[in-house]
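The values are calculated or read from the model by the stated rules, or taken from the named source; none is laboratory data. Since the model is a prediction, treat every value here as computed from it, not as a measurement. Here the Cβ positions follow ideal geometry from the backbone for every residue, glycine too, while neighbour counts run over all protein chains shown.
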Amino acid sequence: MAVETSVTQTSRHGTDPLVLGRRIRHARTSANLTLRQLADAVGSTTSQLSLVENGRREPRLSLLTAIAEVLGTTAAQLLSVEPPPDRRAQLEIALERAQRGPLFASLGVPPVRPGRRLPLDALESLVALHGELERRARASIATPEEARRINTELRLEMQERNNYVPEIEEIAEEFVRSVGYTGGALTHRMVSQMAERLGFTIIHVDDLPHSTRTVTDLENGRIYLPPASIPGGYGLRSLALQAMAHRIFGHESPKNYGDFLRQRQELAYFTACCLVPRFAAVTFLERQKAAKDLAMEDFRDAFGVTHHSAAQRFTNLATSLLGIPVHFIRANSDGALYRGYENDGVPLPTDATGAIEGQLLCRKWAARAAFTRRDRTTEFFQYTDTPAGTYWCSTQTGATTDAEFSITLGVPFAHAKWFRGRETTRRARSTCPDESCCRRPSPDLIARWRDKSWPSAKMHAHVLSPLPSGTFPGVDDTEVYEFLQAHAPDES
Ligand SMILES: [Zn+2]
């Protein structure tokens, strides 16, 4: 069938609300009823029913049953997962769905209403164009499609469980308690003792193979670690813990890339649980929350971990144990998202496959705005209005030996009240993924510079990131034109 889309949306009834709505409209027009007549018959309003028919609202089962009865059908028939019977309905649904997707939104092109007056052949053509657009967007992704797909799958799985895995939390809790941990930072001494309990000795060497972070000698019970922390990379405690976790979870050599990523994720989760054990973390965070003084910098300092680890760890515990939905973003100073997580609905940028890594973040968001600040020693706070609502974010910038990055922890407006920094007056408005928000240079700048500039792109090292696309591959047009404008001898 020609009408196929990648995003299948299901609802509380298990059927795509758009399909359900179209089926109701089809049944209503076949029964020669106006919206008003149907609304009167079922005791609803025309605006309510119009939302239902457009797939914008899901009817309660009682309303659905009433509608079905008036239209001479059954709720079960309306909810059927079979595609709608007539070609036109199929095409209308496909067009609406394509027009609601991130790919279309990024174009900034006005949508077409797939109403009765749109000729069938125009509808066929539009749907085919959307299909081809999507195919090309997928084909242009320069990195292994498979890796991105699996990565996205894993992220969505974790989102489903609020980034919280109690089974691993318990194993880690028991383990740190066995070496006398009661709270605060886990010491290097405790980590060595944990290794001993597993029958390992930790040995620091300066000649580890270049392609490895640690090597474990299973026969002789030795974990080889580098002599010092890798700047901007993994601390020694986490390296040792990851090596141990490998034994605790009994991982075998991964069978495929998905297996490999899953193992990595399990090890990382376990390590985070050891460095910031649940019982100690929750005691700490609940106290801060009660005082309306939650702050990632305090959480970080209390457990002696990096800002990245603290904010990421917060996402594990925040929703299930503190009742706070959250998002986490690590961004590079070039604006590309490096790692992200959300269960608060913040509209992270995605490519056609749903992957977020390597996508350019909105320039108005705190994750990028924080780079513009001169004093970066403390956290940067900002409220941001987005098409999905208002969020409060706290961002800390930092640098590795070769790059600057920012770590952002954000929550929906209603939850800002628990955090230090909520009183900030800084507020920004973002309409991304609509490209006119911040992606597309202003018409003046385009006219002035498009044919008179030649930027040379940096190579991007991140294995998962595609190149940001603009007039020049790998280059952010807006930044280039604004740079030129600011430096031009005759205009600045
Ligand atoms: Zn934007």
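Here are some notes:
- Only one of 357, 379 that is crowded, with 21+ Cβ neighbours inside 10 Å, under 18 Å from residue 415 (Cα atoms) and more than 16 Å from the ligand (Cβ to nearest atom): 379
- Candidates in segment 28-79 are the residues that are in contact with a Lys or Arg (Cβ under 7 Å, 6 or more places away or on another chain) and touching a residue at least 40 places away in the same chain (Cβ under 8 Å); of these, the one that is farthest from residue 16 (Cα to Cα) is 71.
- Residues that are touching a Leu at 6+ places or on another chain (Cβ under 8 Å) and on the phi > 0 side of the Ramachandran plot, drawn from segment 22-73: 55
Each row is one residue, and each column tells you yes or no for (1) touching a Phe, Trp or Tyr at 6+ places or on another chain (Cβ under 8 Å); (2) surrounded by fewer than 22 Cβ atoms within 10 Å (Cβ to Cβ).
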position	(1), (2)
284	yes, yes
288	yes, yes
295	yes, yes
301	no, yes
306	no, yes
311	yes, no
318	no, no
323	no, yes
326	yes, no
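- When residues in segment 434-459 are screened for being more than 16 Å from the ligand (Cβ to nearest atom) and surrounded by fewer than 17 Cβ atoms within 10 Å (Cβ to Cβ), 13 of them pass.
- Residues that are closer than 13 Å to residue 240 by Cβ and outside any loop (DSSP other than H, G, I, E, B) within segment 205-226 comprise 215, 216, 222, 223, 224, 225, listed in sequence order.
- Answer from 352, 369 - the residue that is under 21 Å from the mean Cα position of the chain (by Cα) and within 12 Å of the ligand (Cβ to nearest atom): 369
- Restricted to segment 232-328, the set of helices (runs of 4 or more DSSP H) holding at least 1 residues that are closer than 24 Å to residue 152 by Cβ comprises 236-248, 257-275, 307-322.
- Of everything in segment 29-47 that is modelled with pLDDT under 90 and assigned to a helix (DSSP H, G or I), the residue that is farthest from residue 92 (Cα to Cα) is 30.
- Condition met for residue 345 (surrounded by fewer than 20 Cβ atoms within 10 Å (Cβ to Cβ), more than 16 Å from the ligand (Cβ to nearest atom) and in a loop (DSSP other than H, G, I, E, B)): yes
- All of (1) touching a Lys or Arg at 6+ places or on another chain (Cβ under 7 Å); (2) within 16 Å of the ligand (Cβ to nearest atom); (3) over 21 Å from residue 102 (Cα atoms) hold for residue 384 with one exception: (3).
- Segment 281-308, subset at pLDDT 95 or above and of a type in the set (Gly, Ala, Ser), residue farthest from residue 247 (Cα to Cα): 291
- Qualifying residue in segment 190-209 (condition: modelled with pLDDT under 80 and under 29 Å from residue 153 (Cβ atoms)): no
- Residues (within 16 Å of the ligand (Cβ to nearest atom), in contact with a helix residue (DSSP H, G or I) (Cβ under 6 Å, 6 or more places away or on another chain) and outside any strand (DSSP E or B)) located in segment 399-433: 433
- Among the residues listed as 278, 330, the single one being buried (at least 18 other Cβ atoms within 10 Å of the Cβ), at pLDDT 95 or above and closer than 21 Å to residue 150 by Cα: 330
- Residue ranges of helices (runs of 4 or more DSSP H) in segment 100-203 with at least 2 members under 31 Å from the mean Cα position of the chain (by Cα): 102-105, 120-139, 145-160, 166-177
- Any hit, segment 232-242, residues being under 27 Å from residue 203 (Cα atoms), out of contact with any His (no Cβ under 9 Å at 6 or more places or on another chain) and of a type in the set (D, E, K, R): no
- Pairs with Cβ under 8 Å, 6+ apart, first in segment 356-369 and closer than 21 Å to residue 392 by Cβ, second more than 8 Å from the ligand (Cβ to nearest atom) and assigned to a helix (DSSP H, G or I): 356/152; 356/155; 361/367; 361/368; 362/368; 363/369; 363/478
- Per the conditions (1) of a type in the set (Gly, Ala, Ser); (2) in contact with a Ser or Thr (Cβ under 8 Å, 6 or more places away or on another chain); (3) part of a loop (DSSP other than H, G, I, E, B); (4) crowded, with 17+ Cβ neighbours inside 10 Å, the sole criterion not satisfied by residue 80 is (4).
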